[in-house]
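Inspection log for the structure reproduced underneath, given as structure tokens.
What follows is calculated from the coordinates using simple rules that are stated; it is not laboratory data. No experiment lies behind these values; they were computed from the predicted model shown. Positions of Cβ are backbone-derived with ideal geometry, glycine not excepted, and every protein chain shown enters the neighbour counts.
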Amino acid sequence: MDSTGGAAATGRRAVDLGDTEMLEPGTALLIGSETSGHPDDIGLFRTENGDYFALDDECPHEVASLSEGWIEGEEIECPLHSSRFGLRDGKVLCLPATSDARTHRVEVANGRVLLYPGTPA
Amino acid sequence: MSIESILIVGGGLAGFTVAQNLRARGYAGSLQIIDPAGIPYDRPPLSKGYLLGDKDAAAIELAPASWFAEHRIGLVPATVRALALEPLGVELEDGAVLQADRLVLATGGSARPLPIPGGELDSVLVLRDRQDADRLRASIAPGTRLAIVGAGLIGAEVASSALALGAEVTLIDPVETPLVPAVGPELARRLHAMHAGAGITVIHGTPAGITRTGTGHRIELADGRVIECDEVLVGIGITPNTALAEAAGLQTDNGVLVDENQRTSRPGVYAVGDMARTRRPDGTLARRGEHWEHAMNTGATAAAAILAQEPPVHGASWFWSDRHGTHVEGVGDMNADGTTILRIHDGEPVAAFRVAADGTMLGAAALDGGLTIKAARRIIDRGIIVPAEALADPGVPLRKLAR
Ligand SMILES: Cc1cc2nc3c(=O)[nH]c(=O)nc-3n(C[C@H](O)[C@H](O)[C@H](O)COP(=O)(O)OP(=O)(O)OC[C@H]3O[C@@H](n4cnc5c(N)ncnc54)[C@H](O)[C@@H]3O)c2cc1C
Ligand code: FES
């Protein structure tokens, strides 16, 4: 994985994460700041349909890693108290979390998965 | 007749969920939640993050004040004194009367007092609402000798949090291994052993009396043992708050009886959450649910039923608990007829599955199980048959088996 573009933590910098089969459908991966250059951990999610999405990894409710959660359709269910978030827009869909998860843009181009840390989806 | 006004008595999770779902389902009429507590808040943190000071009052609100304004949900900070049935309405403590086309009862439960001499003392602490948590927090300082009667969910969680706050904790329960009905004996033993492992004095015994001693308390056990402590917290379960319903003549039996759409015996009156108990179509009574998700699910069902819309489908019941850094989850029924299959990791049980003779899963519980219980609940809800060897093998992610 290498970083293309500037060193700024935010903005339109893309990080090339790997080829489009880097994640099995229905699984997720934690992208740490050493890879993304972004201050917070980012969760990269691949739906059963093969689409990629990225959210802040830490659940907005308490301390849990959304990349360890359960992907169902285009939703991620927090591993701890089962709040669900829309993968496309980060919207919180049920309690106990009460705020949305921050999204990060992911593009699939030329067979590569490109993450734009800090750029909303 | 179209519904123009709905009153919800009690703004805990269940009452809040009714209001939220009514608006989400398009109900545009008058909607009010009556609760002296004001803005609805979440209870699980009261024994965990809120007690520890990691979360403040604002952090446990189920929604901010602005959300209620935006959704035109009135919050009436008052206690209901009586229900009126003809016409439907409620009478507040100051005598004011509010009327509505539909009434939802969501009054939750009250901490059950210890039925022994001294159990009624004002100085004996309980934990059900935010005020209780504030009082408990103010009673604990480093070195405080706290005795907790009842090592079920709340007692165990408070024991863990109080220990973290520096208290010297003694945990007393007449049952040798609490929580067996919830998680099965194997995991219950492991969970209970964590208390002593963390430095809590665990006592298997039955309190017979509590007396005040200067600034502290003395608990006498039935076998003559005596525990001297500063503070006593009793966590032996709840009694459902059914007094209003009973006085109004609604059918109750350890809970206000409701059908599968949360309708009480009185047309137009619904009951949800910890205070409601389901009477099945065959007339048998279900066990009263007392967990977080049950409160949310029954609230969602009532909202659909009130609006005569298709009710949501809920799966097997689910709960969690956190103590000593361990996250416990259970789904379904660990007491159902069947056998238990254990998953052992490093010589310790980490998950237990209750399986019927035909191989269907009836219940599951796990400690720090990651996605195990999420998988188990899908296996239960979808009736997937999983081979026993796969269930027992910690190398097989249950997730794969639930797809
Ligand atoms: C400390 C604690 C920790 C918990 N932890 C967990 C957990 O980790 N996991 C889990 O699954 N479950 C947990 N639970 C259980 C869960 O919180 C309850 O099942 C849930 O709160 C029930 O919601 P409810 O709305 O039915 O009742 P409640 O939350 O009790 O709300 C009832 C409301 O009704 C109001 N009310 C009562 N009488 C009147 C009246 N006459 N007029 C007006 N208002 C009235 C009360 O003020 C109260 O706000 C915990 C409970 C507690 C107390
Ligand atoms: S930490 Fe995610 S729902 Fe509680």
DSSP-loop GluC sites (Glu not before Pro) across region B:36-143, with at most 14 other Cβ within 10 angstrom: B:GLU93, B:GLU120
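Give, as a single signed number, the net charge of other residues whose beta carbon lies under 9 Å from the beta carbon of B:ALA167, with Lys and Arg counted +1 and Asp and Glu -1.
Values: positive: B:ARG145; negative: B:GLU168, B:ASP230, B:GLU231.
Combined, the nearby Lys, Arg, Asp and Glu give -2.
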Cut-off 15 Å between beta-carbons: net charge of the residues surrounding B:PRO312, Lys and Arg +1, Asp and Glu -1: -2
Coarse-grained scattering of region B:61-108 at q = 0.17, 0.19, 0.28, 0.33 Å⁻¹, given as base-10 log I(q)/I(0) from a Debye sum over alpha-carbon atoms: -0.62, -0.75, -1.08, -1.19
Three-way shape label, chain B, alpha-carbon gyration tensor, a/c 1.5: oblate
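Rounded, prolate or oblate: which fits region B:325-401 when a ≥ b ≥ c are the square roots of the eigenvalues of the alpha-carbon gyration tensor, with rounded for a/c under 1.5 and prolate only if a/b beats b/c? Could the numbers behind the result be given before it?
Numbers: a/c = 1.41, a/b = 1.35, b/c = 1.04.
Because its axes are fairly even, with a/c under 1.5, region B:325-401 counts as rounded.
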Cα gyration tensor, region B:124-234 - rounded (a/c under 1.5), prolate or oblate: oblate
Ranked list, fewest to most other Cβ atoms within 10 Å of each Cβ, for B:ASP129, B:ASP337: B:ASP337, B:ASP129
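Excluding A:PRO117 itself, calculate the net charge of residues whose Cβ lies under 13 Å from the Cβ of A:PRO117, where each Lys or Arg counts +1 and each Asp or Glu counts -1.
Details: positive: A:ARG12, A:ARG13, A:ARG102, A:ARG105; negative: A:ASP16, A:GLU34, A:ASP40, A:ASP41, A:ASP56, A:ASP57, A:GLU107.
Net local charge, A:PRO117 excluded: -3.
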Cross-link partners of B:LYS55 among aspartates and glutamates (Cα-Cα below 13 Å; sequence separation of 8 or more within a chain): A:GLU62, B:ASP42, B:ASP134
For region B:283-345 versus region B:52-107, the gap between their alpha-carbon centres in whole angstrom: 25 Å
Fewest-first sequence of B:LEU31, B:LEU46 by Cβ atoms within 10 Å of each Cβ: B:LEU31, B:LEU46
Candidates B:ALA316, B:ALA14, B:ALA162, ranked by Gaussian network fluctuation over chain B, Cα under 10 Å, top entry: B:ALA316
Eligible lysines near B:LYS400 by straight Cα distance, threshold 29 Å, same-chain separation 8 or greater: A:LYS91, B:LYS374
